[in-house]
Structure formats: structure tokens, C-alpha cells
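Notes to accompany the following structure.
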Amino acid sequence: MMKYIWRVGIVLLLLLCMLLLVPSGAIVAQAEVTEIPLNAKKGLKPLETGYLSDWEYEDPSISVKIEKGRIYDTDYVYARVKLHNASQLRTVMAAGYYSPSTLMGTTMAKRTNAVLAINGDFFSSRNGHGYVARQGKVYRNACNSRIYDILVIDTQGDLHIIEKPDSEEMEAWKDKAIQGFTFGPGLIVNGEVRRHDVDEFKFDCAAGKAAQRMCIAQVGPLEYLCICSEGPEDPGSVGLTLDQFTDLVASFEGIQNAYNLDGGSSTTMVFKGDKVNSPNNPKRRPLCDMIYFATAWEE
């Protein structure tokens, strides 16, 4: 009997030793970087442990780091974003393309589990002109006026700026455009800085007026910069003209393409559930759409 008890004890001891020797990584073997379906209404939920600070997030699928600067007597904020796959760069509408509804940026960011979100092009204000695509669906191709530079984000997550195209030119993008925006203009196109006539854009982006501004830029495969400036309603800032904003964007190294998005009080950058740009400006405009970056790390 004693011999039997000893044998059982030895077996149990060996099993315990084997468990202790199993690598800790084996316990989380189910965790992986996934691709978020195109028709998913939100991204995966960010990890609480992914927030390294109030300005930085990192997990195996995404890293976001937000920093500040000052130029032309104006404060600005920029976020560096690096993704694992293109499905993590996404868009959301407040209600739908055919609805004029708007929501606060923080609300849309929370609904979509965004790690970082920025305002889009306010597509409903273009009066039926331009090109609009969201999450692989083309809603509008009315570029016959040749007024706007169009931003297309393709299946690889690459940014393409098509300068003042017509509708026929945009037809070539219908199977490749995951996202399409009409605002602009392009600030940097294929590595070249663009300068624009003030009068040409006076009814859209108020090129000659000092204002809050926002752009999205690409610096490498699945690597992006989101840059936004304060405006004259922000204490301590005077705002930037389009030309000054171009100077700011061009000061960052390695930008391949940079596209001007909606500005003014629409300028919104949301991180960790809060609007992080223009913190001392009480004026905040509800939006009809946002661009957001999601985690693809699934535990």
C-alpha cells in the first residue's frame, strides 16, 4: 500500500514539474493578430495594458504615439501610427451616407473602439460633388467639375492623391478604393510639396485664413501621420493658413502623400476616449464621419 502511495506521489510531482516548465507563451497561444472584416461596424477593443501613457498606445498590431509642437505662433498636435494590416485603417459615418445626422467625434470613436480617430471630409457638405467611398463601397462619383483633389486609400492601406480628376478617371479606382475623400487639396503628392492659389480654395478650406487644420499623411507601408493645428479661437495660438500648414506638414521627414481634411471647429483628434487637440477651445462641432485606427490583436 505504501509503495502504491509513493508511486502516485511521484507521478503527481512529475506532472507539477512539467506544468512549471511549460513556456508562459503557451498559455496565450490563442491570441493573434487578425484582419477586421470590411463590413464590421467597429474594431476590436483596445487593451487596457496597451495604454503606455495618456499619449501612447501599443500592442502587437498597432502603435500610436502623440506629440506636440509649435510653429508660426500656433500649437499643433501630431500622431504617429503604425499598423499590422490595412483592415485597421477604417471609417465610420454618424448615421449613413443618405442621412444628414452628425455626432460628436468622441462618441463615434467610442462606438468603434478606435485607438485613434480623426475627423474626415464632412462628405455631406460637398453638395453632390466629388468622390466618396467608405469601407469598400462607392457612394458618389461626381468629379466632372474638376475642382477637388481626391484622396483614395486602397486595399493595401496606401494613400493616393488624384489631382482634380473627372468621373471617368475615378472609375479606374472603383475596385481598388476602400476609402475615398473629397476635400483637399493635396499638400504633398508623391513626395512633392504642392502650393495652391489662395483664391482657388476660398470657398472650401479658406486657404488664406488662419484656422484650425487637419491632414492625414503616409510615411511608409502602413505607417501614417495625423497632424492638426490650433486656430485663433485657441488661447495662445493664431492659427495657420493653408500655406503655413503645408510648411508644417513638409517639415516632417519621409512623407509620401499628405491630404488636407476638414478643418475649423471640425478639427478633431480623439485618443483614449478624449479629444486631445485644442483642449482649451470650448467650441466643438459634431461630425458626419471619421477616420479611425483600430487594434487587430485578438486575445
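Readers should treat all values here as calculations from the given coordinates under stated rules, not as data from a laboratory. Treat the numbers as computed from the prediction; the structure is a model and nothing was measured. When we count neighbours, we look across all protein chains shown, and the Cβ atoms used for this are built from the backbone with ideal geometry, even at glycine.
Considering only HIS196, GLN179, SER167, whose Cα is most displaced toward the positive end of the charge dipole of segment 133-197, charges sitting on Cβ of Lys, Arg (+1) and Asp, Glu (-1)?
Of HIS196, GLN179, SER167, it is GLN179.
Which one of ASN277, SER237, TYR98 has its Cα pushed farthest toward the positive end of the charge dipole of segment 33-298, where Lys and Arg give +1 and Asp and Glu give -1 at the Cβ?
TYR98
Relative to the Cα centre, what is the charge dipole magnitude of the chain, using +1 at the beta carbon of each Lys and Arg, -1 at the beta carbon of each Asp and Glu, and rounding to the nearest 20 debye? Before the final figure, lay out each step's value.
On the way: 31 positive and 37 negative charges, 243 e Å.
With Lys and Arg at +1 and Asp and Glu at -1, about 1160 debye.
For helix 2-21, report the angle its Cα long axis makes with the longest principal axis of the Cα atoms of the chain; keep it between 0 and 90° and round to the nearest 10°.
20 degrees
Could you work out the relative contact order of segment 158-299, using alpha carbon pairs under 8 angstrom and six or more residues apart, expressed as a whole percent? Display every interim value, and only then the final one.
Details: 212 pairs, mean separation 36.7, N = 142.
That works out to 26 percent.
What 222 nm value per residue comes from the helices of the chain, counting each DSSP H run with n ≥ 4 as -39,500 (n - 2.57) and dividing by all residues, nearest 500 deg cm²/dmol? Walk me through the intermediate numbers first.
On the way: 4 runs with 41 residues, N = 299.
About -4000 deg cm²/dmol.
Can you list the chymotrypsin sites (Phe, Trp or Tyr not before Pro) in segment 203-271 that are in a DSSP coil and have 16 or fewer other beta carbons within 10 angstrom?
Values: sites: PHE203, TYR224, PHE245, PHE252, TYR259, PHE271; in loops: PHE203, PHE252.
Passing both the DSSP loop test and the Cβ count: PHE203, PHE252.
Straight-line reach only, C-alpha to C-alpha below 16 angstrom: list the aspartates and glutamates that LYS82 could link to, leaving out same-chain residues fewer than 8 apart.
Partners found: GLU35, GLU56, GLU58, ASP59, GLU67, ASP158, GLU223, GLU253.
How large are Rg and Dmax for the chain when calculated on the C-alpha trace, in angstrom?
23.3, 99
In percent, how large is the relative contact order of the chain, given Cα pairs closer than 8 Å and 6 or more residues apart?
26 percent
Taking the highest mean first, how do the peptides 84-94, 164-174 order by number of other beta carbon atoms within 10 angstrom per residue?
Result, highest mean Cβ count within 10 Å first: 84-94, 164-174.
In segment 221-245, whose amide N lies under 19 Å from the spot 7 Å out along Cα-to-Cβ of ASP73? List them in ranges.
Only 229-245 fall inside the zone, counting backbone N under 19 Å.
Rounded to the nearest 20 debye, what is the charge dipole size of segment 167-299 about its Cα centre when +1 sits on each Lys and Arg Cβ and -1 on each Asp and Glu Cβ?
That gives segment 167-299 a dipole magnitude of about 460 debye.
If you average the C-alpha positions of segment 159-230 and of segment 64-126 separately, how far apart do those two centres end up, in angstrom?
For segment 159-230 versus segment 64-126, the Cα centre distance is 15 Å.
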